[in-house]
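Since every read-out is calculated from the coordinates, none of them should be taken as a lab result. Since the model is a prediction, treat every value here as computed from it, not as a measurement. Positions of Cβ are backbone-derived with ideal geometry, glycine not excepted, and every protein chain shown enters the neighbour counts.
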Amino acid sequence: MKHSILFLLSLLAIALPRVQAENFRDGDVFEMKLSGPPEEFTREFNLVLTVDQGAVTIPLIGRIPARGLTSSRLATVIENRLKQAKIFTIANVNITVNSNANAPSRTIIVGGSVRNSGRQPWIADLTLTGAISAAGGRGDFAGDGIKVIRNGKAQRYSWKALKKDPSLDPKILSGDIIDVEGD
């Protein structure tokens, strides 16, 4: 009887799906909402944030390390920092990880004059030239200009300048859109 119960328990442990909270990585996108105080005081803390260089920036309290934390642990850290800074005495932070199928999380889009345009997987430490290489390289009629669009803002780069000085090659974050301009 004792062995049967142990056997059944071990089968149950194997059969049940394991729910494991994901830890944040660079490029992860999430929504943060603050509740507790009246809404007119919390509006600037209702944000969509991206983990960049292992941290996120929260208004009035600055950079908060996020890499490696679960969403519940990060929420607790932010709550504590808001209270320690005496911004709020009551702070309830809710973090929702961006899991929408159309969300940019962990992908980039490379288009324009490249050999294989489209959605590409994003990895940590990906650079602009690496993203273009992942899309098969520059096309036969690629010009010098490259645009990186992040959060609706475009930044222009020169292919020649990046090749001449690799230290200028910017890091690419998940959700970025890269457009290699043609001649």
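Quick rundown of the values:
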| read-out | value |
| --- | --- |
| Order of 144, 26 under a 10 Å beta carbon neighbour criterion, fewest first | 144, 26 |
| Likely footprinting exposure, 29, 97, fewest C-beta neighbours within 10 Å first | 97, 29 |
| Dipole axis of segment 29-97 (+1 Lys, Arg; -1 Asp, Glu on Cβ), positive-most option in 95, 29, 75 | 75 |
| Cut-off 15 Å between beta-carbons: net charge of the residues surrounding residue 85, Lys and Arg +1, Asp and Glu -1 | +2 |
| Charge dipole magnitude, Cβ of K and R +1, D and E -1 - segment 107-182, Cα centre, debye nearest 20 | 80 debye |
| Total charge dipole magnitude, segment 26-183, about the Cα centre, Cβ charges on Lys, Arg, Asp, Glu only, Debye to nearest 20 | 280 debye |
| Tensor-based shape of segment 62-183 (alpha-carbon gyration tensor, a/c under 1.5 rounded, otherwise prolate or oblate) | prolate |
